[in-house]
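Report on one structure; see the data block that follows.
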Amino acid sequence: TPKAITVAADAQTKIYGDLNPSLTYVATGLVNNDTLSGALSTSAGQFSGVGAYAINQGTLVNANYSITYTGADLSITPKAITVAADAQSKVYGDVNPSLTYVAAGLVNNDTLSGALSTNAAQFSGVGAYVINQGTLANANYTITYTGADLSITPKAITVAADAQTKIYGDFNPSLTYIATGLVNNDTLSGALSTSAGQFSGVGAYAINQGTLANANYTITY
């Protein structure tokens, strides 16, 4: 009758995308320099997802032995990759551009789910805003992320002063203007200026841009 022996599978580990390691075991009780034919088996393949997969007895056998088998697991761990965000730029008031990136190390035509993020919105002020990893992920990968900035630059607008007139000795009139290109109900701070005062002599005095400004705009005056 068959001799009773024990076979214990060795636990194994591999990185996602690597070839499966050899499935080895320890057989206790063999005699006469006998060996076992066949091989252990597992449902895990090269591109099986991260997790633990049972190592089964498979076809391991010898007609002269009755095998008591103790299994183990093949553990698949995430593959390390790098993701680098692309620097982006937009003009104040424009819709945010797509936040793109370069991922190095993906295998098996895999892609990443989710998206990069930034706290910059359409009408966020001029400046540099960090592009974060956001929800970008894939359970089969460990991501090392390198960020970049979304730079918001001033929007170009035009300001045209309105011509004014007054009588010598009167107070100066309000210096008004027409601004073309403002968005988001924005206004300009400051005021136009002129060298003319209440008692400046008869003549034409230039109306200058003065302190008229808004950090989110580049003014052509």
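Things worth noting here:
- The residues in the stretch 147-204 that are farther than 23 Å from residue 88 by Cα, among the acidic types (Asp, Glu) and surrounded by 15 or more Cβ atoms within 10 Å (Cβ to Cβ) can be counted, and the count is 1.
- The residue that is surrounded by the fewest Cβ atoms within 10 Å (Cβ to Cβ), among those in the stretch 44-53 that are touching a strand residue (DSSP E or B) at 6+ places or on another chain (Cβ under 6 Å) and of a type in the set (A, V, I, L, M, F, W, C), is 52.
- The strands (runs of 3 or more DSSP E) falling completely within the stretch 121-168 that include 1 or more residues that are over 30 Å from residue 218 (Cβ atoms) map to 141-146.
- Residue in the stretch 83-99 that is loosely packed, with under 13 Cβ neighbours inside 10 Å, within 24 Å of residue 142 (Cβ to Cβ), touching a residue at least 12 places away in the same chain (Cβ under 8 Å) and not charged (D, E, K, R) present: no
- Which numbered condition residue 219 fails, given (1) under 30 Å from residue 87 (Cα atoms); (2) open to solvent by 70 Å² or more (accessible area, probe 1.4 Å); (3) outside any loop (DSSP other than H, G, I, E, B): (2)
- Residue check, residue 143 out of contact with any Cys (no Cβ under 6 Å at 6 or more places or on another chain) and in contact (Cβ under 8 Å) with a residue 40 or more places away in the chain: yes
- Top-ranked residue of the stretch 101-114 - restricted to ones that are surrounded by 14 or more Cβ atoms within 10 Å (Cβ to Cβ) and part of a loop (DSSP other than H, G, I, E, B), ranked as farthest from the chain's Cα centre (by Cα): 107
- Every residue from the stretch 1-50 that is among the polar types (S, T, N, Q), in contact with an Asp or Glu (Cβ under 8 Å, 6 or more places away or on another chain) and over 29 Å from residue 81 (Cα atoms): 24
- The residue that is nearest to residue 107 (Cα to Cα), among those in the stretch 25-43 that are surrounded by fewer than 13 Cβ atoms within 10 Å (Cβ to Cβ) and not small (Gly, Ala, Ser), is 26.
The values are calculated or read from the model by the stated rules, or taken from the named source; none is laboratory data. Every value quoted in this text rests on a predicted model; they were computed, and no experiment measured them. Glycine also receives a Cβ, built like all others from the backbone with ideal geometry; neighbour counts cover every protein chain displayed. For the accessible areas, the whole protein counts, side chains as well, though only heavy atoms, and no ligand, DNA or RNA atoms are used. Shrake-Rupley method; radii C 1.70, N 1.55, O 1.52, S 1.80 Å.
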